[in-house]
Amino acid sequence: MTTGFFSHPDCLLHEMGEWHPECPARLQAIEDQLIASRIDALFERDESAPLADEAALLRVHTQAHIDFVRKTSPIEGYAAIDPDTSMNPHTWQAALRAAGVAMAATDAVIAGRYENAFCSIRPPGHHAEPDRAMGFCFFNNIAVAVRHALEVHGLSRVAVIDFDVHHGNGTEAAFVGESRVLMCSFFQHPFYPFSGADEVRPNMVNIPLAARTKGMDVREAIDLLWLPRLHAFKPEMIFISAGFDAHREDDLGNMGLVEDDFAWITDQLRMIAERYAKGRIVSCLEGGYNLSALGRSVVAHLRALADL
């Protein structure tokens, strides 16, 4: 199985201060673990993605939101969006590039260059709502890529999977009520951003989980709740918001997953994609802040994507 590895140097330029867990070292930790695991040469790398243009962003975000992020971009120092989210002079370009990478991977997978792809990108995106940046996120990378698949490539059934420890409120806001999209997620609850657990939406399969939930319980919930809906939906492509902060070593969450759990989840999604979607998956990095656990988890995720 051919798996593309998409990234760009611009994604290293955004940073929010030495204290901040969403840091450039996250991408380097992934690279280090790929080398240590001796699988780095097994993936074809692509760092040629263009910046996302305004038309692509407007499929998800309001003009006012795009203008706000652009206007907030500082010439020097930092500009705060919220207490946890700020911009440096390179953030605007990094955010455009991250969304552009997600679209480039989508193009490559749909064109058949790869069966699936992983996007090692930052800033992350799944908390970015159509009209608001929040939670380390400025533009919703996965939502921009999904809209690209729907509107540019003409797909009619797309599944979005989010296994970050935090609910993907921005992605849900982008697709709630969209019959062409089925979104399946699990997340720690109650926990930031304190959403996703109350209202039942027809195209949303949300699984709120208590703190300290371990991998076998997550697997059972996926088996009972995600997989039947995915089989019934028969997606033509799968997009993954791949957050690894549900790992038991990650201090920004309080769940109990390990690398094997992320590999098992990915295996299930790969089998769904092989059955209904010609194997087509695009996975985009979201959370994961313990650098060692992040790197190991991404390696497990990539091994499962590539069926190694």
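Hey, any hits in region 218-241 for a residue that's surrounded by 16 or more Cβ atoms within 10 Å (Cβ to Cβ) and under 24 Å from His20 (Cβ atoms)? The answer is yes; a qualifying residue exists. When you check Asn206 against the structure, is it within 27 Å of Asp260 (Cβ to Cβ) and either at pLDDT 95 or above or crowded, with 20+ Cβ neighbours inside 10 Å (or both), yes or no? Yes.
Entry remark, region 1-27: residues being surrounded by fewer than 20 Cβ atoms within 10 Å (Cβ to Cβ), hydrophobic (A, V, I, L, M, F, W, C), within 19 Å of Gln93 (Cβ to Cβ) and in contact with an Asp or Glu (Cβ under 9 Å, 6 or more places away or on another chain) number 1 in total. Remark: pairs (first residue in region 215-235, outside any helix (DSSP H, G or I); second residue modelled with pLDDT of 95 or more and among the aromatic types (Phe, Trp, Tyr); Cβ separation under 8 Å; 6+ apart in sequence or on different chains) = Lys234/Tyr276; Pro235/Tyr276. When you check Thr106 against the structure, is it of a type in the set (S, T, N, Q), out of contact with any Ser or Thr (no Cβ under 9 Å at 6 or more places or on another chain) and either touching a residue at least 60 places away in the same chain (Cβ under 8 Å) or not in a loop (DSSP other than H, G, I, E, B) (or both), yes or no? The answer is yes for Thr106. Looking across region 253-292, the residues that are without any contact (Cβ under 8 Å) to a residue 60 or more places away in the chain, part of a helix (DSSP H, G or I) and either surrounded by fewer than 23 Cβ atoms within 10 Å (Cβ to Cβ) or of a type in the set (Asp, Glu) (or both) come down to Glu259, Asp260, Asp261, Ala263, Trp264, Asp267, Gln268, Met271, Glu274, Arg275, Tyr276.
Candidates are the residues of region 42-92 that are in contact (Cβ under 8 Å) with a residue 24 or more places away in the chain and part of a strand (DSSP E or B); the one that is surrounded by the most Cβ atoms within 10 Å (Cβ to Cβ) is Met87. For region 93-148, taking the residues that are buried (at least 24 other Cβ atoms within 10 Å of the Cβ) and of a type in the set (Val, Ile, Thr), the one that is farthest from Leu285 (Cα to Cα) is identified as Val109.
The values are calculated or read from the model by the stated rules, or taken from the named source; none is laboratory data. Everything numeric in this text was worked out from a predicted model, so none of it was measured. A quick note on method: Cβ atoms are made from the backbone with ideal geometry, for glycine too, and the neighbour counts reach across all protein chains shown.
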